[in-house]
Structure formats: C-alpha cells, structure tokens
Amino acid sequence: MWAVSNFGILGGWGAGTGYKIGMLDDNDLRELVVEVRRVNDRVMTIKLVVGSFTLSIINAYASQAGLDEEVKRRFWEDLDVMVRGIPHTEKLFIGGDFNGHIGATSGGYDDVHGGFGFGDTNKGGMSLLDFFRVFDWVIANSSFPKKREHLVTFRSSVAETQIDYVLCRKSDRGLCTDCKVIPSENLLTLHRLMVMDLEITRKRRKRAMYSQHRIK
C-alpha cells in the first residue's frame, strides 16, 4: 500500500514579481517525479509514477477580484487546456487558491460539493462549482466532516474564509481517505496548510512457478 501524503503545493508573493507558485516533495517521492511543467506564474503541474499509477498534480492560483478581466480569462483557459491534456488513464489532483466561497452546504451541487464546507456561498463560489462540475471533479476538503479549525483555509485579523481547495476526479474519490487544514499560527502567509491523504494499492508481482519433471 502506498500512502501519498508527504507532498506539498505552495503559493506566495515574490517581492516585486507578483504571485508565485511552487511544489515540493520529500526524498521518498523525488525519485518518482518524471515531469514538471510550468505554464506561467499561476498554473503548473508535476507528474509522478507511483507503482502502476501515474499521478498528475496541478497547482493553480485563480486571479483575485479587481484584476483585469483578460488576466482572469487567460487563467481559466490555461487551466482548461492543461486539464484536457491529461488522459483519464492518469490520476489527476488539483490544489490551489481559487478565491471563491463554496459555502458550508452543497446547495444543489451534491455531485461536486461533499456537504462539509465553511461559510456562505458567493458568486465566485457558484462559478467555481459550475466549472468543477463540467470536469466531474469533487472538492476533497468538502468531503469529510471536520471542526471549524480544519476547514478554514485563509485567516486574517478581520476574516476567516475557505478559498483554497483540493480537487480530484469523481472516479478517483475512493483514493482520498482524508483532507483537512492543519491549524498553525507559525505561517508566513495568511493561507493555512492543507493536507490530502491518498492510498494507492501496489500490485504485487506473482512469482513464476517452475515445475520439475519427474524422473522415472
């Protein structure tokens, strides 16, 4: 059994350069990485081969409110192209800051929203749910009942919200055994660490049986 839980998706502001995203893994997973591709400062992907499975993990950062509409459109187009380019034979997981509130309950999006979100739904959250539904994605961090501190992904002095999400294809939902926020005050950003646990069964090779001829 493979337990894939020691992989991170990072995002943060670079001085004078705008938003930057990145990924990291530990020594156990480093040898499994076969490809890393950055589309731009807001979308990138990494591909790993784990046993007989190929995993593609996308890191995304949606444009904030107030930015140029062309920038927002380009982000969703880049994400759309990247997702469509990943075959269904690969396991796909997406994590990032999508700047929308999906709300505490599914509200008619039971196929996408697991029913365990946080806060109220806003217009941006509705657009996200519609976009996720098109690709048959499930929001992993809305699929498990959690306490408040394990749901809030963004915390400042004036607000607590849920705007960061981890997604998987509906067909791969069974691989995800848990997804939650790790509460901590020792963060340099206002976004909080979120972890998803995956369990992937590794097929064991059957040993070849050699029959011996009887000697009369």
Along the Cα→Cβ direction, 7 angstrom out, place labels at residue 30 and residue 73. What is the inter-label distance in nm?
4.3
For the stretch 96-149, which trypsin sites (Lys or Arg not before Pro) pass both filters: DSSP loop (anything but H, G, I, E, B) and at most 14 other C-beta atoms within 10 Å?
147
With a point put 7 Å past each Cα toward its Cβ, work out how far residue 89 is from residue 105 in nm, to one decimal.
4.4
Sites residue 149 and residue 38, calculated FRET efficiency, Cβ-Cβ separation with R0 30 Å, nearest 0.05:
0.40
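Every read-out reported here was derived from the displayed coordinates using simple, explicitly stated rules and does not represent laboratory data. Values in this document were obtained by computation on a predicted structure and should not be read as measured data. Virtual Cβ from ideal backbone geometry, glycine too; neighbours counted across all protein chains shown.
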